[in-house]
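Engineer: Sharing a structure below in structure tokens format, with a few things to ask.
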Amino acid sequence: MPEAAAVADPMVPVPYRVLRQRREIDGVHTLDFEPAEGRTPFRALPGQFNMVYAYGIGEAAISLSGDCDDTKTIRHTIRKVGAVTAGLCSLGKGDSVGIRGPFGRPWPLDEARGADIVVVAGGIGLAPLRPAIYGLLAKRERYGRIAVLYGSRSPEELLFLDELKRWRGRFDLEVEATVDHTTGGWFGQVGVVTALIDRAGFDPDNAVALICGPEIMMRFCARELEHRGMSPADIYVSMERNMACGVGHCGHCQFGPEFVCKDGPVFAYDRVEPIMTLREV
Ligand SMILES: Cc1cc2nc3c(=O)[nH]c(=O)nc-3n(C[C@H](O)[C@H](O)[C@H](O)COP(=O)(O)OP(=O)(O)OC[C@H]3O[C@@H](n4cnc5c(N)ncnc54)[C@H](O)[C@@H]3O)c2cc1C
Ligand code: FES
């Protein structure tokens, strides 16, 4: 009888090493990881996340922020908010972490074939959306118009500025950025990201929206897209909840009847709107 292939246990972290690390903006770092030992290629889809274990500290759910066609390197962009994320951001080249994943439902890039795409990001929410933007651009001919709308609190907090400028130079992509407030030296838009939705070029009857950012921002953006005529079923949001197992066992990430780790983190807005508008869920 042939020997059964070993199936990786999703609860056991695989050792990875930091290949490089870069400070993006204050408190936000991007880390590239490579397998510590020879491993099979890492295959993930835009919108999925890993549980990243900072040895001796703990684990955090972190979305992929790099190009999912690159199966050799895992890229994560991390904001320091507590012990685990601070531990991860302090790592340097050669340091070790444990990685479990990828987990969760991805952005619906295949389902969106033939549609106009509206990508709306708030703050560090651009990081989980970046793999989707790479995926859309890699198969550009599959989609109609694509708009990337990005809002941050200040010009200093705009993530991936060089890349935004490059994307903005393309003729097949609309890229707009806005900041809530500025102290000068910013010649772009000032105001909330929802205002950009009003002007973006897309056909509401044949569009798919991908939104990631603070929950309140996602709600206002979804409402604005609905005002423009989009159906909530075509609006997708990426939810965050505290995670422990990442695979639907522990119930930590429960969100109404849904588990964010396995039913999400990407949800169609019609599925989560009633829960998002309830407080304390
Ligand atoms: C699916 C998913 C994808 C994520 N992707 C990213 C990412 O790409 N980059 C990134 O920097 N972070 C991401 N996060 C958030 C990240 O997991 C948390 O910031 C991290 O777990 C905090 O751990 P900590 O020990 O550093 O801080 P803690 O000490 O655990 O928490 C510090 C503060 O953050 C709050 N907090 C902790 N976890 C969450 C959470 N999941 N949602 C909202 N508030 C939280 C706590 O209540 C506390 O106020 C993601 C979370 C989820 C669920
Ligand atoms: S994190 Fe355990 S069920 Fe989702």
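Engineer: Taking θ as phi - 60°, what are the ³J(HN,Hα) couplings along the stretch 152-163 by the Karplus curve (6.51, -1.76, 1.60), each to the nearest whole Hz, with x for Gly and Pro?
Structural biologist: Ordered by residue, 3J(HN,Hα) equals 9, 5, 9, x, 5, 9, 6, 7, 6, 4, 4, 5 Hz.
Engineer: Sticking with this one: Please report how far the C-alpha centroid of the stretch 5-35 lies from that of the stretch 241-281, rounded to the nearest whole angstrom.
Structural biologist: 24 Å
Engineer: While we're here: What residues have an amide H closer than 5 Å to that of Val148, excluding those fewer than 5 places away on the same chain, when H is modeled at 1.01 Å from N in the peptide plane?
Structural biologist: Val119, Glu174, Val175, Glu176
Engineer: With Kirkwood's inverse mean 1/r over C-alpha pairs for Rh, give me the Rg to Rh ratio of the stretch 152-269, two decimals please.
Structural biologist: In the stretch 152-269, Rg relative to Rh is 1.03.
Engineer: So if I average 1/r over every pair of distinct C-alpha atoms in the stretch 78-193 and take the inverse, what Kirkwood radius in Å does that give?
Structural biologist: In the stretch 78-193 this quantity evaluates to 16.3 Å.
Engineer: Restrict the search to the stretch 41-106; then list the trypsin sites (Lys or Arg not before Pro) that DSSP places in a loop and that have at most 10 other Cβ atoms within 10 Å of their Cβ.
Structural biologist: Here the sparse-neighbourhood loop sites are Arg43.
Engineer: Test of understanding: given the chain, find the longest segment containing no chymotrypsin sites (Phe, Trp or Tyr not before Pro) that are in a DSSP loop and have at most 11 other Cβ atoms within 10 Å.
Structural biologist: Here the longest run is 1-170.
Engineer: Let me ask another. Would you mind checking which residues have amide H under 5 Å from Glu258's amide H? H placed 1.01 Å from N; only 5 or more apart, or other chain.
Structural biologist: none
Engineer: Follow-up question, since we're still on this one. Per the helix-only calculation at 222 nm, which mean residue ellipticity applies to the chain, given -39500 (n - 2.57) for every DSSP H run of n ≥ 4 and division by its residues, nearest 500 deg cm²/dmol?
Structural biologist: -6000 deg cm²/dmol
Engineer: Okay, next question. What span do the alpha-carbon atoms of the stretch 14-103 cover on each of the three principal axes, reported in whole Å from largest to smallest?
Structural biologist: The principal-axis extents, from largest down, are 31, 24, 21 Å.
Engineer: I've got another one for you. Rounded to the nearest 5, what is the percent of antiparallel bridges among the DSSP beta bridges in the chain?
Structural biologist: If we restrict to bridges inside the chain, about 60 percent are antiparallel.
Engineer: At most 12 other C-beta atoms within 10 Å and a DSSP loop state: those are the exposed GluC sites (Glu not before Pro) I care about. Give me the longest piece of the chain that has none.
Structural biologist: Answer from the scan: 112-279.
Engineer: Straight-line reach from Lys139: which lysines fall under 21 Å, measuring Cα to Cα and dropping same-chain residues less than 8 apart?
Structural biologist: Straight-line reach from Lys139, under 21 Å: Lys72, Lys165.
Engineer: Can I ask one more? Report the Rg/Rh value for the chain, based on alpha-carbon coordinates and the Kirkwood definition of Rh.
Structural biologist: Answer for the chain: 0.96.
Bear in mind these aren't lab numbers, they're just calculated from the coordinates by the rules spelled out. Note that this is a predicted model, so its numbers are computed, not measured. Using ideal geometry, Cβ is built from the backbone for each residue, glycine included, and neighbour counts are taken over all protein chains shown.
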